[in-house]
Structures are given as structure tokens and as C-alpha cells.
Amino acid sequence: MADHPLAGEHHPSPASSAATALGPLLLLPSELLHEILIRLAVPELLRVRSVARPLSSLISSPDFRRLYHLSSASSGPGPAAAWLLLFKKLPPRDAAIRGFHGPSGRWFRIPVSAILAPAVPPGEDLYFLAASGSSFLFAANGRRELVVVDLTARAARRLPPSPLGPRGTSSWRRFGLKLVADPPGSSRFRFLFAELVNNTPFLFEYRSETDTWRQSEAALAEGATTPASPDGTFLCAAHAGPDCVMVYSGPGAAGDDGPLFFRPRFPNAAGHGGDRLHVYGDGCAAVVRSAAVDDPATTSRVGRVKVVAGVELYGFGGAVGGDWELVAAVPGELVEGFRKPYAVMTGLLAEREGVVRLVLISNCRGAWDLVWLSYDRARREWRWVPVPDWGGSKGLNMAGIAVSSTFSRLWPAPSSPSTTSSSSSHQ
């Protein structure tokens, strides 16, 4: 399946031609136009706004921004409510992020090469770390530094080195970092990562507002006595299979003076033994059990492959310092839907607003496969949305993947009716 270009990637039709083609549409009542436009994905909206000047003012209006924001926020609990973002390793001049949009079931190509050019020298090796709102964070391996792209401002800049000094791409661990738009709906952000320094857990935090880093040594949590705040952050400072060191930062952590750390254990031998993949993120853990089978593409037992046999989700039950507790297991009939042979597998896990999203990335004979699952805690419901191939997964040199549930919220909702006369601004 081919991916669809984002606005600005190819030449639009002249404004006069666009206006002519949209003539019948422009005659519709504004309420009906709103209903049509809020069903478009963000890239489609940007393209409509760029090629259809008569609709530009409507799309940029505070009323439409508010309507689109509310529609995005209530678009459903499953994968459809978020974006799956993937970066393919290419020269900076060809750099682009592929974004899969659940509601439309399509891939979009989000070009970032022109934005990166002023901040990234030719030949630099980039890795995509995280995304939140309009901010996309990359690690540059050659210069050993971080680069952030702001899609709204179409600008890129380098971050100052962390307190640990310059770091190459291999130093960043997906389970131990998080990018957060702060406040939500703005272009400002916080970047946090946890790391063991001389066997002691530390939390490092960068704030874009001040362009400064802060480091804090984590204190040992005294049992499961500290409630986890919805605004708190869980990061995995180190892991080896089922054994991990979790760091929590947020209200209630060490009297609000610093982060806490603890070493949760799985119940009985749930996380141990057999062929199991452990994926950590946002205070959750997914245990993926696999079984070895004969490769259908070969008759030799040397070429055996694996298939997923089960997926279990664990959490902390709302407390910091406790052990893992089973939340839910993916139903067997759902597992059968994505039970494909694979040779290697990794994953990412994220939770937002009571919805846990799990992405499993596997490779078999050079072809990549993506499985996207979500679990709604309130409904106690699992969902799976098949992710189509965009035609470039064979031999893909993947250089980073992320899930963002805030990317669809292109504009922040106006805070009060008095703001409806203000000038338009993007998230």
C-alpha cells in the first residue's frame, strides 16, 4: 500500500484551479463543511489548507480548532485514536517519517528533510527516539547529540548535552525515555530519561522552556505506600528480561523532592521461563510468549521460526513500589489474527488516558511486520487494528518507531469563549 504525501511535499494546483474544483463544496453550509473536514487526518487537513485558500480561514478558525480537538479526543479508545510513527534510515536530504492513521487506515509520508537541514550536517546518522504533539526527537550518532523537530514551526534545533555528556544512538533505550508536550497543546516540551550511574538510578530532565537539564538521584521506595499520580511518569532505568529497575517521578515521589525507584517482581514465574519478550512503558509491562515452529518456507529444522503464543499485560495497581499485577491477557482468538512467523521481535508500550497501546515489531526473512494492540482499562477491552504494508517494509532499515496520541490534535482547544477572536495558532 502506498503512503500518501503530506502537504508541501509536491506541487499543489494553482489556487484558482483549486477554488474552481471546490466550487460546489464551498456552497455547503458551514456546519456541513465542519462535519466533512473533521473526518480528515491531520496531513489531509494541512494539504486542503495549502491548496484551497477559500477553506484556509475556516480550517484556521478557533471554532473549527475546538471542534477538531474535541473530535480527536473522543475518537475512540483503540489504536484508531493514535498515530503509529516510523522513521526509515535514509540520508538527511530524504528523511521522512511514515505515519499510520488508524481512522483512515492509511500511511502518510511526513517529510522532515527540509526542516532538519539547518541543524543536521550532510551524512549524519539519525535515529528517531520519541514524539509528542508537534515535537519529534532524534538522536544524531555522528555528533552524539539530540535534535528536536517542531512540525508546527517547521524548525529544528540541537539540544545541549545531557549531564552524562554526548551520547550516541546506542546509548538511548526506548523503555527509559519519554517526551511530553508541556503544557499539552503547546510547542514546549519536557524530555525525561532514567539511567543507572554507578549502579544508582538517576532521572534526567530537559525543559525546552529554559533550555536546561536537571538531574536527580532516585530514592528507594518504601514498599507500595506511595499512590501513583495520573501526572506521574514511570521509566525503566535498566532491565534484563523480567528483572528491571523502575523510576517514578511525580506528585508524591519522595515528598515531591525527587524521584523514587523500585524493583518490581512478576507473580510466581509469570515473567520467567520459555521464550518471552518483555516490553516496558508508562508503568506497564507486556509479556509476549512465543513458540518455535517449522518455517513454512523451508524444510530444514535449522530454519525454524517463532510465532506468538500469548500476550499478557501487567501493571502496578495504582501504587509506586509494588510488584507487577496481571491486568489482562489478549484473547486467544485475537492472537490467532496476528500469529505470523518471525525470527526477531521487539516492541514499545505506552499509556494515555486509560488506554494502553502495544506495538510489536518483528522481522522474518528481511520483511518487517507490525502488530498494533490496545487495551481500554475502563471497558476491559482489547482491540487489534491490522497495519497494512506501505510497500517499503522489505529490507527496511528501521531507525526508530513511536506512538503518539497527541499528534492528531493539531491545534489546542481555546481555553474560553473569549479566545475565539484570537489569531490562529497550531499545536
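Among the residues here, Gly322 qualifies as touching a residue at least 12 places away in the same chain (Cβ under 8 Å) and more than 23 Å from the chain's Cα centre (by Cα).
Residue count for the stretch 92-128, restricted to those that are open to solvent by 20 Å² or more (accessible area, probe 1.4 Å), closer than 14 Å to Gly400 by Cα, of a type outside the set (Lys, Arg) and under 20 Å from the mean Cα position of the chain (by Cα): 1. For the stretch 343-366, the set of residues classified as surrounded by fewer than 20 Cβ atoms within 10 Å (Cβ to Cβ) and either of a type in the set (Ser, Thr, Tyr) or in contact with a Ser or Thr (Cβ under 8 Å, 6 or more places away or on another chain) (or both) consists of Ala343, Val344, Met345, Thr346, Arg352, Glu353, Ile361, listed by residue number.
Only a single criterion out of (1) open to solvent by 40 Å² or more (accessible area, probe 1.4 Å); (2) not in a strand (DSSP E or B) is not satisfied by Arg157, namely (2).
When residues in the stretch 252-280 are screened for being at pLDDT 70 or above and either open to solvent by 10 Å² or more (accessible area, probe 1.4 Å) or farther than 17 Å from Gly347 by Cβ (or both), 16 of them pass.
Here Ser404 passes the criteria (1) at pLDDT below 90; (2) surrounded by fewer than 22 Cβ atoms within 10 Å (Cβ to Cβ) except the one numbered (2).
Annotation: Ser186 fulfils all but one of (1) farther than 23 Å from Arg154 by Cα; (2) surrounded by 17 or more Cβ atoms within 10 Å (Cβ to Cβ); the unmet one is (1). When you scan the stretch 216-228, do you find a residue that is open to solvent by less than 20 Å² (accessible area, probe 1.4 Å), of a type in the set (S, T, N, Q) and at pLDDT below 95, even just one? No: zero hits.
For beta carbons closer than 6 Å, sequence separation of 6+ or different chains, a first residue in the stretch 42-57 that is under 18 Å from Leu151 (Cβ atoms) and a second that is open to solvent by less than 40 Å² (accessible area, probe 1.4 Å) and among the small types (Gly, Ala, Ser), the qualifying pairs are Val42/Ser408; Leu46/Ala7; Arg47/Ala7; Arg49/Ser56; Ser50/Ala7.
Ala19 - would you say it is surrounded by fewer than 19 Cβ atoms within 10 Å (Cβ to Cβ) and either at pLDDT below 75 or of a type outside the set (Asp, Glu) (or both)? Lay out the reasoning, then the answer.
Numbers: surrounded by fewer than 19 Cβ atoms within 10 Å (Cβ to Cβ): yes; either at pLDDT below 75 or of a type outside the set (Asp, Glu) (or both): yes.
Judged against the criteria, Ala19 is a match.
Could you look through the stretch 178-215, keep only residues that are of a type in the set (Val, Ile, Thr) and under 26 Å from His239 (Cα atoms), and pick out the one that is modelled with the lowest pLDDT?
Going through the stretch 178-215, the residues of a type in the set (Val, Ile, Thr) turn out to be 180, 197, 200, 210, 212.
Those left that are additionally under 26 Å from His239 (Cα atoms): 180, 197, 200.
Working: Val180: 92, Val197: 96, Thr200: 96.
Among those that are of a type in the set (Val, Ile, Thr) and under 26 Å from His239 (Cα atoms), it is Val180.
Out of everything in the stretch 139-177 that is under 18 Å from Leu196 (Cα atoms), within 21 Å of the chain's Cα centre (by Cα) and hydroxyl-bearing (Ser, Thr, Tyr), what residue ends up being modelled with the highest pLDDT? If we take residues in the stretch 139-177 being under 18 Å from Leu196 (Cα atoms), within 21 Å of the chain's Cα centre (by Cα) and hydroxyl-bearing (Ser, Thr, Tyr), then Ser171 is modelled with the highest pLDDT. Within the stretch 296-309, not a single residue is within 15 Å of Leu373 (Cα to Cα), open to solvent by 60 Å² or more (accessible area, probe 1.4 Å) and within 25 Å of the chain's Cα centre (by Cα).
Considering (1) modelled with pLDDT under 90; (2) in contact with a helix residue (DSSP H, G or I) (Cβ under 9 Å, 6 or more places away or on another chain), say which one Leu349 fails and leave the rest. Condition (1) is where Leu349 drops out.
The values are calculated or read from the model by the stated rules, or taken from the named source; none is laboratory data. Note that the coordinates shown come from a computational prediction; the quantities given were computed from them, not determined experimentally. Every residue, glycine as well, gets a Cβ built from its backbone with ideal geometry; the counts of neighbours run over all protein chains shown. Heads up: the accessible areas ignore ligands, DNA and RNA and are worked out on the full protein's heavy atoms, side chains in. Shrake-Rupley method; radii C 1.70, N 1.55, O 1.52, S 1.80 Å.
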